[in-house]
There are 2 protein chains.
Amino acid sequence: MTTKEPKYYWEDFKVGEVQQIGEKRVDRDEIIEFARQFDPQPFHIDEAAAKRSMYGGLIASGWHTCAMIMRMMCDAYLAQAASVGSPGIENLKWLKPVRPGDTISARRTTLDTRASKSKPDIGIVNNLWEVFNQKGELVMSMQGHGMFRRRNSGGAAT
Amino acid sequence: MTTKEPKYYWEDFKVGEVQQIGEKRVDRDEIIEFARQFDPQPFHIDEAAAKRSMYGGLIASGWHTCAMIMRMMCDAYLAQAASVGSPGIENLKWLKPVRPGDTISARRTTLDTRASKSKPDIGIVNNLWEVFNQKGELVMSMQGHGMFRRRNSGGAAT
């Protein structure tokens, strides 16, 4: 990743393009492991308590869903891109529970791209992320801003 | 957690109140472990590549910082609250790198509270979260909407 020339630079993201990403099967033990470490609320870690909750069973921490999607993004294109991180996310919506055994996939739509004002070798890509379960239900959405080096900007690949 | 009466219900969150939360020392191995699983970009997992990057060294995945803050929220009050999850987050900003050895803390300010329109036993609390490092620099901010059961609403504690 560090020695190879990246395949995707800022210029390679085009407004309106749509990319399908995934899938990932959501594992019960992974839900519990993540939540024990980062979000130990009963409906994420305790089957019996989750059953009595308004969710009627275990659900993944919303942050776990974000993390799983991040991994799917890395595997799909970021690992091959001149990615230099993200300034942030807007309108992160956890719309429906993600449950053990669900299979999630994501759709990335490029909403907007712009050059950085402060860093001439960097451009920003504004993506809409929509996450679906195996029934086609929208379970999460967000707008994420990715920073990428510009082609021929020089400097190291990371 | 599931048998005890919660200490905090929706009514207990007051607009304008400020709560200090933390601290958490950010561990190098934890940064790498999280990122290997969820965000394996070179500047999160590879010291040498991170040194060559615009960050000049390893930094935590932004999602890892979110997850660490989530855990700090649970420890500080959610574990004792009638929390029933979150519909989402607005304006999540990763403002400065979080690095190995940093100590992060957070400040929660209640911006707004409102009863749920669709669920009479639930109320929503809109919090501003500001995350600082040991130098007092603001490294992350977000607005998070938490859902809580209302006092005397009946039902299970989770």
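The values are calculated or read from the model by the stated rules, or taken from the named source; none is laboratory data. From a predicted model like this one, the values you see are computed outputs, not experimental measurements. Cβ sites come from the backbone with ideal geometry, for glycine too, and all protein chains shown count toward neighbours.
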Selected residue [crowded, with 22+ Cβ neighbours inside 10 Å and of a type in the set (D, E, K, R)] from A:Arg149, A:Arg114: A:Arg149
Among (1) within 13 Å of chain A (Cβ to nearest Cβ); (2) within 15 Å of B:Glu17 (Cα to Cα), the one test that B:Thr113 misses: (1)
Every residue from region B:105-149 that is over 14 Å from the mean Cα position of the chain (by Cα) and within 16 Å of A:Leu92 (Cβ to Cβ): B:Ile124, B:Met147
Selection from region B:94-111 of residues that are closer than 30 Å to B:Ser53 by Cβ, surrounded by fewer than 16 Cβ atoms within 10 Å (Cβ to Cβ) and among the β-branched types (Val, Ile, Thr): B:Thr103
Test: residue in region B:141-150 that is more than 11 Å from chain A (Cβ to nearest Cβ), part of a loop (DSSP other than H, G, I, E, B), modelled with pLDDT of 95 or more and closer than 22 Å to A:Met68 by Cβ: no
Residue in region A:80-93 that is surrounded by the most Cβ atoms within 10 Å (Cβ to Cβ), counting only those that are within 7 Å of chain B (Cβ to nearest Cβ) and aliphatic (A, V, I, L, M): A:Leu92
For A:Ala79: the one exception among (1) at pLDDT 95 or above; (2) within 15 Å of the chain's Cα centre (by Cα): (1)
Residue that is more than 17 Å from the chain's Cα centre (by Cα), within 12 Å of another protein chain (Cβ to nearest Cβ) and either small (Gly, Ala, Ser) or surrounded by 14 or more Cβ atoms within 10 Å (Cβ to Cβ) (or both), where the choices are A:Met72, A:Met54: A:Met54
Region B:114-128, residues that are of a type in the set (Gly, Ala, Ser) and not in a strand (DSSP E or B): B:Ser116, B:Ser118
Qualifying positions in region A:1-42 - more than 14 Å from chain B (Cβ to nearest Cβ), surrounded by 16 or more Cβ atoms within 10 Å (Cβ to Cβ) and either touching a Pro at 6+ places or on another chain (Cβ under 6 Å) or under 30 Å from B:Asp75 (Cα atoms) (or both): A:Ile32
Matching entry among A:Gly85, A:Gly56, A:Gly123 (being in contact with a helix residue (DSSP H, G or I) (Cβ under 8 Å, 6 or more places away or on another chain) and without any contact (Cβ under 8 Å) to a residue 12 or more places away in the chain): A:Gly56
